1. Based on what the data block shows, is residue B:87 modelled with pLDDT of 95 or more and out of contact with any helix residue (DSSP H, G or I) (no Cβ under 8 Å at 6 or more places or on another chain)?
2. Taking only pairs six or more apart or across chains, which ones have beta-carbon atoms under 8 Å, a first residue in segment A:224-241 that is closer than 20 Å to residue A:33 by Cα and modelled with pLDDT under 85, and a second residue that is basic (Lys, Arg) and loosely packed, with under 13 Cβ neighbours inside 10 Å?
3. In segment A:28-51, what count of residues is obtained for those that are part of a helix (DSSP H, G or I) and surrounded by fewer than 19 Cβ atoms within 10 Å (Cβ to Cβ)?
4. Got a sec? Which helices (runs of 4 or more DSSP H) wholly within segment A:164-228 have at least 3 residues that are surrounded by fewer than 21 Cβ atoms within 10 Å (Cβ to Cβ) and at the interface with another protein chain (Cβ under 8 Å from one of its Cβ atoms)?
5. Would you mention how many residues in segment A:117-163 are crowded, with 24+ Cβ neighbours inside 10 Å, more than 14 Å from chain B (Cβ to nearest Cβ) and among the polar types (S, T, N, Q)?
6. Based on this model, can you work out whether residue B:42 counts as at pLDDT below 95 and on the phi < 0 side of the Ramachandran plot?
7. Can you give me the number of residues within segment A:55-68 that are surrounded by 11 or more Cβ atoms within 10 Å (Cβ to Cβ) and either free of Cβ contacts under 8 Å to residues at least 24 places away in the same chain or of a type outside the set (A, V, I, L, M, F, W, C) (or both)?
8. Select from segment B:72-84 the residues that are farther than 18 Å from residue B:148 by Cβ and touching a helix residue (DSSP H, G or I) at 6+ places or on another chain (Cβ under 7 Å) and write down the one among them that is surrounded by the most Cβ atoms within 10 Å (Cβ to Cβ).
There are 2 protein chains.
Amino acid sequence: MRLRVDLIPKGPYSDVVVLIDVLRSCTVAPILFEQGLEKLYLCPSLRLARAVAKEQDYLLLGERGGLPPEGFNYGNSPAFFINTDFSGQSAVLVSENLPKAISNITGAKHLLLGSLYNAEAVIHKAFELASEEIALVCCGMLGSEDLDDSFTAGYLAARLKRADNKLELRGAAAMTLSLFRAFPNPLEALWHSRTGHYLRSLGLEEDLAISSYISQSEAVPGQRETIAHERANLYCFDTKL
Amino acid sequence: MRLRVDLIPKGPYSDVVVLIDVLRSCTVAPILFEQGLEKLYLCPSLRLARAVAKEQDYLLLGERGGLPPEGFNYGNSPAFFINTDFSGQSAVLVSENLPKAISNITGAKHLLLGSLYNAEAVIHKAFELASEEIALVCCGMLGSEDLDDSFTAGYLAARLKRADNKLELRGAAAMTLSLFRAFPNPLEALWHSRTGHYLRSLGLEEDLAISSYISQSEAVPGQRETIAHERANLYCFDTKL
């Protein structure tokens, strides 16, 4: 079995892809499911999100430049969602990086959303589903590598490698393992990342803290092939994979 | 002016490329010139290196798996070269990563070898030569990203950015800046890299220490267009650029 790490999406893929956007969408997603959400639609377009949410009576969540757009129910802040009940509801989450990264993932049999927050759970699920390769794919920031996702990939890679020492390392796997070992704690890596700097400039330090918590959630948001691309650029996730 | 960082070579390039292989070839190269070497030929092939060295009466330096091959004058150890006089001599250096990386650099007008050891000097030379872009290109290890070169790129990027705050960041520039800021000292980054682990397993810790010294040398090895590719896979460098 191969363990591949890409610091930005570099398809094609062939088996299991764990997409990482630790600040903040892939931390928010498991929290939403923990809080009772049924389905999560990811979408890059405010207009499409508004139309779908209105038509289906879904909640509107998301960000533009780190903050909630006008008319949205909520932003994209883990610090807020952690105390909010979403039982029986579905939501459309607008974000810049994650849907774009999903659109660059080709050939994957299974696509999971991973972060520090659901680390152990996503590792178990990846092992359960994979037959030849687990690819940890960082979303990065605006098409470039960033430290937050690279560190998170390193943490997940270290846990995977500990569980199965025979995993063959590919791509940036070895580098992210070194990166992970070099940081005394996860918050420091998130803090020093480009995205971390940006969120701090908006006063969102608490989101960094929550995103640095490890294995708090058992929820593994997964996209199922059969329900992918119901509409262009609208990606449906649940935890039933 | 653009400041671009690539964690592995990803040509084409258009202007100045600073190639980084901090452990160890790009640390060794300025040391050799400091110690009096006239010309340095980089070469991936033992056979070609032996033939050229014999024909031209050049010294044979280099490594296979981190150690000097049979019949070579010296290995590739900065700890050794730092006390050796090379006045009036030229040498062929066989290494695995650096010549391969050079062969992947297309379109560059000027190609310089950079490391921590010649940091200030290579920064000055890059500014002097560049008209539109300075690209810091990491050699990586066996085709994958590694922490030693990524950290070094971050250090050089930070110095370049401090000298000219208007530089537009491209590629992994921002991530390597974060990386650089996160490490308390350079040796720690080299120590935790994949290449660093490997050299430590060979007992070459002193090479890591010397490679972590900053701006000890004024020598900037540069490849000149007119003398490039005298033979296939044989790259000639001097400090006269």
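The values are calculated or read from the model by the stated rules, or taken from the named source; none is laboratory data. Just so it is clear, the structure is predicted and the values come from calculations on it, not from any experiment. A quick note on method: Cβ atoms are made from the backbone with ideal geometry, for glycine too, and the neighbour counts reach across all protein chains shown.
1. On the way: modelled with pLDDT of 95 or more: yes; out of contact with any helix residue (DSSP H, G or I) (no Cβ under 8 Å at 6 or more places or on another chain): yes.
For residue B:87, the condition - modelled with pLDDT of 95 or more and out of contact with any helix residue (DSSP H, G or I) (no Cβ under 8 Å at 6 or more places or on another chain) - is met.
2. Correct list of pairs: A:224/A:240.
3. Kept after step one, since they are part of a helix (DSSP H, G or I), are these residues of segment A:28-51: A:28-34, A:46-51.
From what is left, the residues that are surrounded by fewer than 19 Cβ atoms within 10 Å (Cβ to Cβ) are A:34, A:46-48, A:50-51.
Residues that pass the stated criteria total 6.
4. On the way: elements: A:173-182, A:186-192, A:194-201, A:205-211.
Passing ranges: none, list empty.
5. So the answer is 1.
6. Details: at pLDDT below 95: yes; on the phi < 0 side of the Ramachandran plot: yes.
When the stated conditions are applied, residue B:42 passes them.
7. Step one: of segment A:55-68, the residues surrounded by 11 or more Cβ atoms within 10 Å (Cβ to Cβ) are A:56, A:58-64, A:66-68.
Pick out the ones that are also either free of Cβ contacts under 8 Å to residues at least 24 places away in the same chain or of a type outside the set (A, V, I, L, M, F, W, C) (or both) and you get A:56, A:58, A:62-64, A:66, A:68.
The qualifying residues number 7.
8. Out of the qualifying residues, it is B:81.
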